[in-house]
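The values are calculated or read from the model by the stated rules, or taken from the named source; none is laboratory data. These numbers were taken from a predicted model, which means no experiment stands behind them. Note that we place each Cβ from the backbone using ideal geometry, even for glycine, and neighbour counts take in every protein chain shown.
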């Protein structure tokens, strides 16, 4: 009961804390959906279940960019820069994907891989992104996927109404 009361207090605080131009579309378990006015975009986003220390705040997001006609684009922020030329992998229970990456961000190689990743997210309970950081250590962040399908759908609807 205490957890439910805390949740009822926390959700309105999270929604009211959105920056100007950002409209919250809903919080669905570990995932939130938002619409930004400038540039126009909508997205589902989550932070890892357990956050390690890092230079950046890591997240996983699925974006919709209506002006560019892009829907379901995945983006991951790593908490620590990866070692040059080291691979970044997105791992599900029964499947994994190699991603293209910059120093601290990773994406699918193309729209087809975006669609496959989103399908895996919708049908899985968790995922993990793994990389080797600049200091040579294996790193990973894990995400629970409860609520991801609803958050992605809310983001898609949020941009469809524009």
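Give the residues of the range 84-138 that are closer than 24 Å to residue 151 by Cβ and either at pLDDT below 95 or in a loop (DSSP other than H, G, I, E, B) (or both), sorted by residue number.
Passing the criteria: 92, 93, 94, 95, 104, 108, 109, 110, 124, 125.
In the range 135-149, which residue that is crowded, with 16+ Cβ neighbours inside 10 Å, more than 11 Å from the chain's Cα centre (by Cα) and touching a residue at least 40 places away in the same chain (Cβ under 8 Å) is nearest to residue 44 (Cα to Cα)? First the steps, then the outcome.
Narrowing the range 135-149 to residues crowded, with 16+ Cβ neighbours inside 10 Å: 139, 141, 143-145, 147-149.
If we keep only those that are more than 11 Å from the chain's Cα centre (by Cα) too, we end up with 139, 141, 147, 149.
Filter once more, keeping what is touching a residue at least 40 places away in the same chain (Cβ under 8 Å): 139, 141, 147.
On the way: 139: 24, 141: 17, 147: 10 Å.
For the range 135-149, the residue satisfying everything is 147.
Mind checking whether some residue in the range 71-79 is exposed (fewer than 15 other Cβ atoms within 10 Å of the Cβ) and out of contact with any helix residue (DSSP H, G or I) (no Cβ under 9 Å at 6 or more places or on another chain)?
Start the filter on the range 71-79 by keeping residues that are exposed (fewer than 15 other Cβ atoms within 10 Å of the Cβ), which leaves none.
No, every residue in the range 71-79 fails to be exposed (fewer than 15 other Cβ atoms within 10 Å of the Cβ) and out of contact with any helix residue (DSSP H, G or I) (no Cβ under 9 Å at 6 or more places or on another chain).
Do we have residue 112 as out of contact with any strand residue (DSSP E or B) (no Cβ under 6 Å at 6 or more places or on another chain), surrounded by 13 or more Cβ atoms within 10 Å (Cβ to Cβ) and within 28 Å of residue 26 (Cα to Cα) here? Working first, answer last.
Values: out of contact with any strand residue (DSSP E or B) (no Cβ under 6 Å at 6 or more places or on another chain): yes; surrounded by 13 or more Cβ atoms within 10 Å (Cβ to Cβ): no; within 28 Å of residue 26 (Cα to Cα): yes.
For residue 112, the condition - out of contact with any strand residue (DSSP E or B) (no Cβ under 6 Å at 6 or more places or on another chain), surrounded by 13 or more Cβ atoms within 10 Å (Cβ to Cβ) and within 28 Å of residue 26 (Cα to Cα) - is not met.
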